[in-house]
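Following: one structure in structure tokens, then a few remarks.
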Amino acid sequence: MEDINNAVPVLQLKKLTAGYGNAFRLKDITLTIRQGDFTGIIGPNGAGKTTLLKCIAGDLPACAEAFQLAGKPFNRMHLKERARHMAVVTQKNDIGFITVEDYVMMGRLPYRSLLSGLSCVENKQLAEKYMKKSGVWAYRHQAVNELSGGEQQLVAITRALVQEPDLLLLDEPTAHLDIAHQVQILDFIQQLNEELNLAVLMVVHDLNLAAEYCTQLLLMQNGEVCAEGTPGEVLTRHQVKEAYKTDVTITENPLSGRPFVFPVSRNATNNRNTKKKIPHQTENKTIYEKITAH
Amino acid sequence: MKVLHPAKVSSFNMTNTTGHIRWMTILLLLLAGLVLTVLFSLSLGIENISVWQIPKIFLHQQPVMDYQILSKLKLPRIILAISVGGALSLSGLILQGIYRNPLVEPYTLGISGGAALGVCLALMLRLQASVGSVAIPFAGFAGAFLIILIIYLFSLRKGNVQITSMLLTGVMISFITSSLLMLIMALSRIEDLHGIVFWTMGSLDEPSPWLITIAAVTSVGGLLITSLFVHSLNALRLGKEPARHLGINTNRTIRVLFIVASLLTGVSVAVAGVIGFVGLLVPHIMRRLTGSDYRLLLPASFIAGAIYLTASDTIARTIIQPNELPVGVITGLLGGSLFLWLQQKENKGWKI
């Protein structure tokens, strides 16, 4: 079983090109995701992270030498079959007035035949199992749009799990969440990745969260992949500076040993260059004195 | 833990069976309401027949006079009211579902305008005198189909259906047809004008039995086809892309359902004229009463639409006996007031 899983990647892209209208936004993306991978797509705004995710989700047409999901050509797969192999959690979940339970049950839609219903016993038990696992079971009768942002995200991930996919696509799952919810959501995703051997591909803005959770990173710039590998290999000062056009300092997280990226402000750079370490208070005072002197 | 587990599963199933019981209760209550409305509608009017005697009259076909009035005059009209009421309500529900917009109704998209245009042209050219009375509904069909074709060519034919552009196309076509309608009215003779105006107010007084059959078949057919798409409609509540991610072929769903809604509206308008408000009001009230799950909402809206139009028509033809009011007057007055009253009663905003 292990061998087969290793032989057929969950997702394989070879030289994928795509764009909106006439402008190309993605050039020659090559990417392989295997079972158990936890891959993060990072890069500056406009680098094409979300565009790539949209192509993989099937929302945007793309040209590629090879584009295979679970070993089958993506373009020739039925929408239902795609949904059985891949679940998508988008950033904006504009879910209407639907109870958590009903929404989670929708994850079984790809398995439904034309005339059958959704609420058979197996589906219900599966939904119950995953709702308990993610901890949304307690508010299963509440409407999704009445929950907090973090809870909505958990509900969306639960729905994705009920699809029983091989690959979970996430578009910035931690956007607009506080640090506690960020960690809660990503811990949960990591747990799923490890327990269910589920392949995860997520777009993430926060470099430190990416470094902390992902096993593999993809750094994008101008629609191309400019670096890929483990967080340690990708998040070097040189590569980050090149991609983001911003200077950073990188150290190690003392607990996990993963890289940690510090942003560097202009003042800090100036101070470093002049080798002067002025305490914050004094500096403010000097500026104040300068202003009052005029 | 292992002892607890089966109990938990069964309690989970229990909550769901109570859910199913709730659904069945709502549908049975609505069906009972429809039967009551039909009985009252049969009893009231030209010949007041007691509600209790109606089953007896139908069983024994006696007395002949009463039986004839019931079966030849009142029943066909009630069947038409049920078909058109159900069809308009269904059409409104479908369009609100695929556009994800609570303000859309069958008439927003210009389909009724097209039918009205066809009918007015036929009335102005006096086709009913040269071809026969069937010419009027046929002109209505033709007009409605022409509009459906135009909307299809403008926005539905493309590979990826753009919902906003479909809506805009429909609204623009609606403006064009109403302007053309005014042009025709300005150009037509005064004696034809009365016919046009009266037709645009809607009437269920339709003598041709096979037109009533067409309306009934379209209506029930539309309900059956739409019921194949209840899960797709539920998924579309999440938005077009999330529904696609769940394996729903959204483009096909929107195309098929749009054509079904257009046919339902086109046939209704051609047979019964412009009867406003059913398609907007009934789905809204049903959403409030039953929630937004299309598995329940679909049959509930259909039955409620049938009840609403049958009741409105009964009022329209009995309130100023022996004369008749146009049924559109009643649906608008009754519906508008009910709508406002509900709105101020629980000001929660509409939920799609």
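Worth a mention:
- Estimated [θ] at 222 nm from DSSP helical runs (n ≥ 4, -39500 (n - 2.57)) normalised by residues in chain B, nearest 500: -24500 deg cm²/dmol
- Amide H partners (placed H, <5 Å) of A:R25, local residues excluded: A:A18, A:G19, A:Y20
- Residue-wise HN-Hα coupling along region A:22-28, computed from phi with Karplus coefficients 6.51, -1.76, 1.60 (Hz; x: Gly, Pro): 9, 7, 7, 10, 10, 10, 6
- Equivalent ellipsoid, region A:175-250 (semi-axes from 5 times Cα gyration tensor eigenvalues, Å): 23, 15, 11
- Relative contact order for chain B, counting Cα pairs under 8 Å that sit 6 or more residues apart, in percent: 28
- Cut-off of 10 Å, at most 14 other beta carbons, DSSP loop: longest stretch of chain A lacking such trypsin sites (Lys or Arg not before Pro): A:93-244
- GNM flexibility winner over chain A from A:G107, A:G232, A:G36 (Cα, springs under 10 Å): A:G232
- Of the trypsin sites (Lys or Arg not before Pro) in region B:100-199, those whose Cβ has at most 13 other Cβ within 10 Å and which sit in DSSP loop: B:R157, B:K158, B:R189
- Within region B:113-269, the proportion of C-alpha pairs whose separation exceeds 18 Å stands at 64%.
- Once the chymotrypsin sites (Phe, Trp or Tyr not before Pro) in DSSP loops with at most 16 neighbouring Cβ atoms within 10 Å are cut out of chain B, the longest remaining piece is B:53-349.
- Relative frequency of Cα-Cα separations exceeding 32 Å in the protein assembly as shown, percent: 60
- Relative contact order, percent, chain A [alpha-carbon distance under 8 Å, six or more residues apart]: 21
- In this simple spin-label approximation, A:E194 and B:I21 carry label points 7 Å from Cα along the Cα→Cβ vector, and these lie 4.5 nm apart.
- Counts of other chain beta carbons within 10 angstrom of each beta carbon in peptide A:103-113 average 3.
- Among the listed pairs A:K27/A:K92; A:K49/A:K80; A:K15/A:K80; A:K27/A:K72; A:K27/B:K240; A:K14/A:K49, those whose Cα-Cα separation exceeds 18 Å are A:K27/A:K92; A:K49/A:K80; A:K15/A:K80; A:K27/A:K72; A:K27/B:K240.
- Peptide B:242-253 has a mean of 6 when you count, residue by residue, the C-beta atoms of other protein chains within 10 Å of its C-beta.
- Amide H contacts under 5 Å for A:C226: A:L219, A:M220, A:Q221, restricted to partners 5 or more places along the chain or on a different chain, H placed in the peptide plane at 1.01 Å from N.
- Computed from point charges on the beta carbon alone (+1 for Lys and Arg, -1 for Asp and Glu), the dipole magnitude for the protein assembly as shown about its Cα centre is near 380 Debye.
- Per principal axis, descending, Cα span of region B:26-345 in whole Å: 62, 50, 38
- Global form of region A:2-234, assessed from the alpha-carbon gyration tensor, a/c cut-off 1.5: prolate
- Note on A:F97 and A:N22: the extension gain reaches 23.2 nm, defined as 0.36 nm multiplied by sequence separation minus the Cα-Cα distance.
- Beta bridges from DSSP with both residues in the protein assembly as shown: antiparallel share about 60 percent, rounded to the nearest 5.
- Under the combined filter of DSSP loop state and at most 15 neighbouring Cβ atoms within 10 Å, region A:1-103 retains these GluC sites (Glu not before Pro): A:E65.
No lab work stands behind these numbers, since they all come straight from the coordinates. Predicted model, so just to flag it, every value in this text is computed and none were measured. Every residue, glycine as well, gets a Cβ built from its backbone with ideal geometry; the counts of neighbours run over all protein chains shown.
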